[in-house]
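Heads up, the thing below is written out as structure tokens.
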Amino acid sequence: MAAPQSRPSTAVPVPAPGDQQTFFPKKYGGKYTVTLIPGDGVGKENTNALKAVFKAANVPVEFEQYDVSGIADEHDQLFQESLASLRRNKVGIKGIFFTSPEKDSRTSFNVTMRKELDMYASLSLVRNITGVPSRMKDIDFAIIRESTEGEYSGLEHESVDGVVESLKIITKEKTERIARFAFDFALKNNRKKVTIIHKANIMKLADGLFLRTCREVAKEYEHHGIQYNDLIVDNTCMQLVSRPQQFDVMVMPNLYGSIVSNIGAGLIGGPGLVPGCSIGREYAMFEPGCHQVGLELQDKGIANPTALLLSSVMMLRHLNLNEHADAISNAVFETIESGKAKTHDMGGENTTKEFTDAVIANL
């Protein structure tokens, strides 16, 4: 069944940065080779669903799989091998790595991967899906955050016992490129407004630089009809839970994006519904747009693979495999809209496998 025009939140193209020149070569008889990393928690179940759907849809993609875990200490070498794979293939898809909050634990694999490969733009798409109960309707916005600096710079130290200094890095150069990515996204996807999220009233130098730079870039797009405004991050959170329909495209530093994406997920029904990606000049990694690992759901057979499946649709559009993207996107939305199969978080009682089988039946 053909999808109505208002349905597919992943029908929009995922824009590469304006200066991205990478060509994605086909290998092995016309198939793309893509790095696949299941991640922790529900990642294995979700990637099994992904592989089953790709096989049923005859997608010309072969996966190089690396079962890296953020929990196991011995996986540091395997993580480096997965990075090497991504450098070869240019495109990957992954679940979320667990990151321990303990003082002496390793740096987040999620953050390290983005910084090592300079995948500076993280995109999450938040939109109501027909068939999933939610308290608010007509939600449709994109969250774009800078992924290589800000509060995630990882520069902190204990200057004296009991006193920790943590450095937040904001640079004009990296703010300019994330701002241009956000406005390019709005332009290419017929979006009308970009909202700059900041805390410049308190962090006048760091967030002040972010705000001023984004405003400068915004002026370059005024003749395209792209409006812009700005909001302080705490007011943004209040506005999101009171009138989220006002937002279209949002651009912000790293930490604010993590918070806002979780609020967005809560608005539409949970983290299992938000697709996303991290993208840079040379590499693109597609992954759920709301980073919750789901350790408590692991191996229970009730994980929701929707976010990863819709992230894979974004990946297929990135590779110009639009017919396969349409087929999978339509099958996912038809499955949920019809109520044929829904996992617990969507208000149903079906298992991951039952949901996956229903999606395959709708291809």
I want to confirm something. Restricting to region 242-255 and keeping residues that are part of a helix (DSSP H, G or I) and in contact with an Asp or Glu (Cβ under 8 Å, 6 or more places away or on another chain), which single residue is surrounded by the fewest Cβ atoms within 10 Å (Cβ to Cβ)?
245
Residues of region 317-351 classified as within 21 Å of the chain's Cα centre (by Cα), among the polar types (S, T, N, Q) and over 15 Å from residue 129 (Cβ atoms), total
2
Go through region 195-207 residue by residue and tally those that are crowded, with 16+ Cβ neighbours inside 10 Å and out of contact with any helix residue (DSSP H, G or I) (no Cβ under 7 Å at 6 or more places or on another chain).
4
Condition test on residue 260, is it in contact (Cβ under 8 Å) with a residue 12 or more places away in the chain and either within 29 Å of residue 92 (Cα to Cα) or of a type in the set (Gly, Ala, Ser) (or both)?
yes
Return yes or no: is residue 258 modelled with pLDDT of 90 or more and part of a helix (DSSP H, G or I)?
yes
Can you tell me which residues in region 106-164 are buried (at least 16 other Cβ atoms within 10 Å of the Cβ), more than 18 Å from the chain's Cα centre (by Cα) and hydroxyl-bearing (Ser, Thr, Tyr)?
153
Tell me which residues, restricted to region 201-255, are touching a Leu at 6+ places or on another chain (Cβ under 7 Å) and acidic (Asp, Glu).
230
Out of curiosity, is residue 210 crowded, with 20+ Cβ neighbours inside 10 Å, under 21 Å from the mean Cα position of the chain (by Cα) and not β-branched (Val, Ile, Thr)?
no
When you scan region 157-164, do you find a residue that is in a loop (DSSP other than H, G, I, E, B) and either in contact with a strand residue (DSSP E or B) (Cβ under 7 Å, 6 or more places away or on another chain) or touching a residue at least 12 places away in the same chain (Cβ under 8 Å) (or both), even just one?
no
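The values are calculated or read from the model by the stated rules, or taken from the named source; none is laboratory data. Treat the numbers as computed from the prediction; the structure is a model and nothing was measured. Because the Cβ atoms are built from the backbone with ideal geometry, glycine has one as well, and the counts that use them run over all protein chains shown.
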